[in-house]
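One structure is given below, encoded as structure tokens.
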Amino acid sequence: MFGYGFYDVFIIAGILGLHYFLSTRNSVYWGGFIPLLFVVWRTWLLIDGSESFLSYVLMLILGLAFLIGGWYKGRVDLQNKIKQELDKMKSHDLK
């Protein structure tokens, strides 16, 4: 699994899409669920002996960079959506 084959790309894209969706929810903690699962999964692989320490660190940094970037983008998009809704409400109140 996750040998970056044809189906693995779709699985990773689905996980990143789910992560973005959870990051745009009102609670900040939903966006931290997928990164937490990622850290647990990678740590389990290290403890199990399936990978070396160097690959663990590199994949953890790379994966968390994508996940934290997606979380940040989701939070910014949520704030923009809230701002647009407030602007829309203010414009209707002025009429």
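The values are calculated or read from the model by the stated rules, or taken from the named source; none is laboratory data. Fair warning: this is a prediction, and the values are worked out from it, not measured in the lab. Ideal geometry is used to build each Cβ from the backbone, glycine not excepted, and the neighbour counts take in all protein chains shown.
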| said: I'm told L18 meets every condition in (1) farther than 23 Å from K81 by Cα; (2) surrounded by fewer than 14 Cβ atoms within 10 Å (Cβ to Cβ); (3) aliphatic (A, V, I, L, M) except one. Can you identify the failing condition by its number? | reply: (1)
| message | Just to check your reading of the model, which residue among G49, G63 is small (G, A, S) and either closer than 21 Å to K81 by Cβ or within 15 Å of the chain's Cα centre (by Cα) (or both)? | response | G63
| Unmet criterion (only one of (1) surrounded by 12 or more Cβ atoms within 10 Å (Cβ to Cβ); (2) among the aliphatic types (A, V, I, L, M); (3) over 10 Å from the mean Cα position of the chain (by Cα)) for M89 | (1)
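Per-residue answers, yes or no, for (1) loosely packed, with under 13 Cβ neighbours inside 10 Å; (2) out of contact with any Phe, Trp or Tyr (no Cβ under 9 Å at 6 or more places or on another chain); (3) modelled with pLDDT of 90 or more:
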{"residue": "S27", "(1), (2), (3)": "yes, yes, no"}
{"residue": "W44", "(1), (2), (3)": "yes, yes, yes"}
{"residue": "S55", "(1), (2), (3)": "no, yes, yes"}
{"residue": "D77", "(1), (2), (3)": "no, no, yes"}
{"residue": "N80", "(1), (2), (3)": "yes, yes, yes"}
| query | List the pairs whose first member sits in segment 38-50 and is free of Cβ contacts under 8 Å to residues at least 40 places away in the same chain, whose second member is basic (K, R), and whose Cβ atoms are under 8 Å apart, counting only residues at least 6 apart or on separate chains? | reply | none
| task | With respect to G63, determine if the residue is exposed (fewer than 10 other Cβ atoms within 10 Å of the Cβ), modelled with pLDDT under 95 and not aliphatic (A, V, I, L, M). | result | no
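Taking only segment 52-95 into account, find how many residues are among the β-branched types (V, I, T) and over 30 Å from R42 (Cβ atoms).
Within segment 52-95, the first condition is being among the β-branched types (V, I, T), and the residues that meet it are 57, 61, 68, 76, 82.
Keeping just the survivors that are over 30 Å from R42 (Cβ atoms) gives 82.
The qualifying residues number 1.
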| task | Only residues that are under 8 Å from the mean Cα position of the chain (by Cα) and surrounded by 13 or more Cβ atoms within 10 Å (Cβ to Cβ): list them for segment 66-75, please. | result | F66, L67, I68, G70, W71
